[in-house]
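What follows is a single structure, written as structure tokens, with notes after it.
Derivation of every value follows stated rules applied to the coordinates shown; laboratory data play no part. Bear in mind that the values here come from a model prediction, so they are computed numbers and not experimental data. Neighbour counts run over all protein chains shown; Cβ positions are idealised from the backbone, glycine included.
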Amino acid sequence: MSTMLRINRDKCGYCGTCVAVCPEDALELIDAYLSLERECIACGICARACPLGALEVVHEE
Amino acid sequence: MKNNYDMLVIGGGPAGALAAKTAAEAGNSVCIIEKRPAIGTPVRCAEGVGKELLKQFIKPDPRWISAEIERARLIAPNGTTVSLEQDKAGNEVGYVLDRKIFDRELVWQAAEAGADVIVKTRATAPIMENGAVRGAKVLSVGTPAEIRADVVLAADGTEAQFARWAGLDTTVPLREMMSCAQYLLTDIDIDAGSTDFYLGNDIAPEGYLWVFPKGERTANVGIGISGRKSRDGARAKDYLDRFVAKNFPGGKTIECIAGGVPVCRPLPCTVADGLMVIGDAARVVDPLTGGGIGNAMFTGRLAARVASGCISTGNCSKEALMPYDTEWRASRMGAFLERNYKVKEYFITLDDAKLNTLADSIANISLKEFSVSALIRELIKRNPKMLFELKALKDALA
């Protein structure tokens, strides 16, 4: 089973709140989209902080 | 693209613009890079600023002022309203800006002073040599390039990645990140001369909800809640939607934005070899109000003044740049940040019953002075039974 971060681009407000709380510096706000640029540890802190609920840690078989 | 400057500024917000303008006026070659395709947009701000603070940096201009504010009202969970009126003696409250125009004006002024401005260009890494920052690797409209500079100013806002890549830890703890959402609502009934702050754990846990007028029937209606209180079904947007449905059911949303406001203490050190950190990236937002525009301009200008001296002597080491860090900490702004951090840490501990008690105690007074310290002194005076509890506040003033 793997764990990963899913970004819902339709919900995302491109605000960068998640970038500032990420302990791994994995996320980046590029112009007008959010991108997972480096390795994510699926800690879920960004998903908590998101004002719009655009981020989700998902577990896949 | 020119690839060598005295100063490179990462980010074209108020901090970066003031820094670039100040450094260019001092005769330095300066370049601002902005990752967005346009300066000033999208806005991530409630747009309130103190009049006196603003005037230290720019002459107020109706082109970028949406509303002039005469009073602030604090609304307690039980509806008790504490109104703070503008002093007749000239003690002024503030403005609600139009940041799209305001930010452009600041960058225009920097450009007019001689700074280069390059948009849709983002830093991807610092150029590091012997542990010192010597410029930035950038992607300019998709094309990689290197811009070298004697000193780099990180003005990249909440994300604050540039300083992080250069070795400073800019990560904001979840509990100290205000998770914010805002609608620009029109066709609503408001007091166009008042900034309203709604408090309460059901309204905005560990934060507040604001109504900042942008005209007669238009306002920024937004909210910030602590990151640790944010979860599915109870996010900033959920609280905001509930408030709007109840209070402004006929309002029309013409803009919807989100944002993160760091309300932690400032970075432990805002300089490194070849690097200065300014504005929101330095975490110099007022932790009590979440206001960051004035402090961004203050740190931007101060950093550029210090940097100008360092550039002319050819020494942009951490030690040489350190007077910037020392000076802002010793300034009025530095003292206010520390005081308001303590005040904020106290207020977030209050339950709704205590918030109501405190609001009721000062509901009918008229404060002579419009300030945080005047408000706190009054609270302490009027709540002798809470003396022990209010000690934290008293200590914050000392």
| note | Going fewest to most other Cβ atoms within 10 Å around each Cβ, A:TYR33, B:TYR346, B:TYR208 line up as A:TYR33, B:TYR346, B:TYR208
| query | Using bins 10 angstrom wide from zero, how does P(r) for region A:2-60 break down, in % of all Cα pairs? | reply | 26, 62, 12
| query | Under unit Cβ charges (Lys, Arg +1; Asp, Glu -1), what dipole magnitude, rounded to 20 debye, does region B:217-318 have relative to its Cα centre? | reply | 280
| said: Going Cα to Cα from B:LYS385, which aspartates and glutamates come in below 15 Å? Please leave out same-chain ones fewer than 8 positions away. | reply: B:ASP360
| remark: For A:ILE30, other-chain or 5+-apart residues with amide H closer than 5 Å (H placed, Pro excluded) are A:SER35
| 0 to 90° range, to nearest 10: angle between helix B:14-25 axis and chain B longest Cα axis | 40
| query | What is the helix-to-structure angle for B:332-347, meaning the angle in degrees between its Cα long axis and the longest Cα principal axis of chain B, kept from 0 to 90 and rounded to the nearest 10? | reply | 40
| Between chain A and region B:361-398, how many Å separate their Cα centres? | 41
| query | What distance in nm separates the simple spin-label points at B:ASP352 and B:SER140, each placed 7 Å from Cα in the Cβ direction? | reply | 5.6
| Cα centre as origin, Lys/Arg/Asp/Glu Cβ charges: region B:340-397 dipole, Debye | 240
| Reach of B:LYS120 by Cα under 19 Å, taken over aspartates and glutamates that are not fewer than 8 positions away in the same chain | A:GLU28, A:ASP31, A:GLU37, B:GLU34, B:ASP103, B:GLU105, B:GLU146, B:ASP156, B:GLU159
| query | How far is the Cα center of region B:153-171 from the Cα center of region B:220-261, in Å? | reply | 27
| task | Take every residue in peptide B:256-263, count the Cβ atoms of other chains within 10 Å of its Cβ, and give the average of those counts. | result | 5
| What's the local net charge at B:GLU216, with K and R +1, D and E -1, over the other residues with C-beta under 13 Å away? | -2
| note | Under the rule rounded for a/c under 1.5, else prolate if a/b exceeds b/c, else oblate, using alpha carbon gyration tensor axes a ≥ b ≥ c, region B:100-223 is classed as oblate
| Antiparallel bridge percentage (DSSP; both residues within chain B; nearest 5) | 75
| note | Restricting to Cα pairs under 8 Å and 6 or more apart, the percent relative contact order of chain A works out to 48
| message | With +1 assigned to the C-beta of every Lys and Arg and -1 to the C-beta of every Asp and Glu, and no other charges, what is the dipole magnitude of region B:1-143 about the Cα centre in debye, to the nearest 20? | response | 520
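Could you work out the relative contact order of region B:340-397? I mean the mean sequence separation of Cα pairs under 8 Å and 6+ apart, divided by the number of residues, in percent.
Dividing the mean separation by the residue count of region B:340-397 yields 48 percent.
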| field | Degrees, to the nearest 10: B:372-382 long Cα axis against longest axis of chain B | value | 30
| Straight-line reach from B:LYS252: which lysines have a Cα under 19 Å away, not including same-chain ones fewer than 8 places off? | B:LYS214, B:LYS237
| GluC sites (Glu not before Pro) restricted to region A:2-37 and DSSP loop, no more than 15 other C-beta within 10 Å | A:GLU24, A:GLU37
| query | Of B:ILE254, B:GLY215, B:ALA234, which is farthest along the charge dipole of region B:159-291 in the positive direction, counting Lys and Arg as +1 and Asp and Glu as -1 at C-beta? | reply | B:ALA234
| What nm value, rounded to one decimal, do you get for the distance between B:LYS391 and B:MET128 when each label is placed 7 Å out toward the C-beta? | 4.6
| query | Which loop-located trypsin sites (Lys or Arg not before Pro) does region A:11-61 contain, where loop means any DSSP state but H, G, I, E or B and the Cβ has at most 11 other Cβ atoms within 10 Å? | reply | A:ARG38
